[in-house]
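These notes are about the structure you will find just below.
The values are calculated or read from the model by the stated rules, or taken from the named source; none is laboratory data. Quick caveat: nothing in here was measured; it's all calculated off a predicted structure. Every residue, glycine as well, gets a Cβ built from its backbone with ideal geometry; the counts of neighbours run over all protein chains shown. Accessible surface areas use protein heavy atoms only, side chains included; no ligands, DNA or RNA. Shrake-Rupley method; radii C 1.70, N 1.55, O 1.52, S 1.80 Å.
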Amino acid sequence: MRLLLVEDEAELAALLLAGLRNAGFVVDGVATIADADAATRAGAYDVVVLDRRLPDGDGMDFLRQLRRNNDGTPVLMLTARDAVEDRIDGLQVGADDYVLKPFHMAELVARLWTILRRPSAIRDPILANGDVALDLATRIVTVADHPLTISRREGALLELFLRKLGRVITKPSIESALYGFGEELESNAVEVLVHRLRRRLNTSGASPQIQTLRGIGYLMEPVR
Ligand code: CA
């Protein structure tokens, strides 16, 4: 799940980035409306967490602009506790939910999953191929109904393969899907990650295989 965080208070943004990544989201963080605009144009996000008071304007204006552009990406607004009218305005403009500052990380994550479980936001809560299944809400992976221990990032890579069965996935597209744009990346990071996921699937006896197409990318064929 790709998440865009728009928050200008550095300390809070850092806490949110860590907490949301820990909860399994792939997070890009920006601090201004201008950067949020550029980020949403460049990449598809599953959900946006949006602060209201930003250095270059009101988060609500950004939300209004998103909706005007037919961008239905779910948006959760962060709202100051004293600004009751703000939340009402936000929901009218097209926010999917709001959280009052200060809030607990667990509450924010729970609200996000509630938004993402709504039928409009998610196509299928469980992605599967052959005997491998990934529950998008709990991030639990099973092979023939047995839970598979898997890292957060391996799970994100598996999700990518399951969403693109039978299609070639290039290394750059894996990088942009799995790593935030501020993250330092070793040149062989994708190869290493694919290798680890492949080994986990193979040793658990899973039916789907990850193929390497040298110089092109990777592929998981649908299992009938
Ligand atoms: Ca702010």
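With respect to the chain, whose longest principal axis is taken over its alpha-carbon atoms, helix 84-93 is tilted by about 50°.
Ligands, DNA and RNA are left out, and with a 1.4 angstrom probe the accessible area of the chain is 51 Å² per residue.
Helix 10-22 against the longest principal axis of the chain: what's the angle in degrees, Cα atoms only, rounded to the nearest 10? Tilt relative to the chain: about 30 degrees. Length gained on full extension, residue 187 to residue 203: 3.1 nm, using 0.36 nm per residue less the C-alpha separation.
What percent do you get for the relative contact order of the chain when only Cα pairs under 8 Å and 6+ apart count? Relative contact order of the chain: 15 percent.
Once both labels are positioned 7 Å from their Cα atoms along Cα-to-Cβ, the gap between residue 221 and residue 140 label points is 3.1 nm.
Rounded to the nearest 500, the 222 nm mean residue ellipticity of the chain from helices alone is -12500 deg cm²/dmol, with -39,500 (n - 2.57) taken per DSSP H run of at least 4 residues.
Simple spin-label estimate for residue 10 and residue 41 gives 2.8 nm between the two label positions (7 Å along the Cα-to-Cβ direction from each Cα). Protein heavy-atom surface of the range 29-84, 1.4 angstrom probe: 47% of the accessible area is carbon and sulfur, with nucleic acids and ligands not counted.
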